[in-house]
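The values are calculated or read from the model by the stated rules, or taken from the named source; none is laboratory data. From a predicted model like this one, the values you see are computed outputs, not experimental measurements. All Cβ positions, glycine included, derive from the backbone under ideal geometry; neighbour counts span all protein chains shown.
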Amino acid sequence: MRRRTPLPFLALLLLLLSLQAATAHAIVIKSSPAADAVMPAGNVAIHLQFNSRIDHDRSKVTLVGPSGTQQRLTAATDSAPDALDAEAKGLDAGVWRLRWQVLSVDGHITRGDIPFTLR
């Protein structure tokens, strides 16, 4: 006697697999500084929280200053598996961008910018 897998079950399985693949890319769900935040100049603690685990060794955070100069930040080694933390020291007033690039554990690279202003 041969068993057949019901067609609705297969359709549901394919739907769940496609949803998992669509949500697998790491995206920022919380950041400090927040997008468009206005903060005092000086030292800035950086925290990026993602919706999935990331590969810390292949991820990076860069600050782009008011004049366009770029400064790569060293990510903390004790960050949570789904977060990047760093410290930026002695930043001058102006409009800054926090540029991030991460490799999620599914092998996809995502990137983005978070603008903020220091006064």
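Which of the residues spanning the stretch 30-49 are part of a strand (DSSP E or B), within 29 Å of Gly107 (Cβ to Cβ) and in contact (Cβ under 8 Å) with a residue 24 or more places away in the chain? Write out each step before concluding.
Taking the stretch 30-49 as the starting set, the residues that turn out to be part of a strand (DSSP E or B) are 30-32, 37-39, 42-49.
Still in the list and also within 29 Å of Gly107 (Cβ to Cβ): 30-32, 46-49.
Correct list: Ser31, Ile46, His47, Leu48, Gln49.
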Test set (1) modelled with pLDDT of 95 or more; (2) farther than 14 Å from Leu98 by Cα - Pro8 fails condition number: (1)
The stretch 34-65: number of residues that are within 21 Å of Thr117 (Cα to Cα), among the hydrophobic types (A, V, I, L, M, F, W, C) and within 11 Å of the chain's Cα centre (by Cα): 2
Near pairs, Cβ below 8 angstrom, 6+ apart or cross-chain, from the stretch 75-88 (touching a residue at least 24 places away in the same chain (Cβ under 8 Å)) to any residue that is among the basic types (Lys, Arg) and surrounded by 15 or more Cβ atoms within 10 Å (Cβ to Cβ): Pro81/Arg53; Asp82/Arg53
Of all residues in the stretch 98-119 being over 14 Å from the mean Cα position of the chain (by Cα) and buried (at least 17 other Cβ atoms within 10 Å of the Cβ), the one that is nearest to Lys60 (Cα to Cα): Phe116
Filter pass, Ser52 being assigned to a loop (DSSP other than H, G, I, E, B) and either touching a residue at least 24 places away in the same chain (Cβ under 8 Å) or loosely packed, with under 14 Cβ neighbours inside 10 Å (or both): yes
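Out of the residues in the stretch 66-93 that are in a strand (DSSP E or B), among the small types (Gly, Ala, Ser) and surrounded by 13 or more Cβ atoms within 10 Å (Cβ to Cβ), which is farthest from the chain's Cα centre (by Cα)?
Filtering the stretch 66-93 down to residues in a strand (DSSP E or B) leaves 70-73, 83-91.
Next, from what is left, pick out any that are among the small types (Gly, Ala, Ser): 83, 86, 88, 90.
Subset that is surrounded by 13 or more Cβ atoms within 10 Å (Cβ to Cβ): 83, 86, 88.
Details: Ala83: 7, Ala86: 13, Ala88: 17 Å.
In this case the residue turns out to be Ala88.
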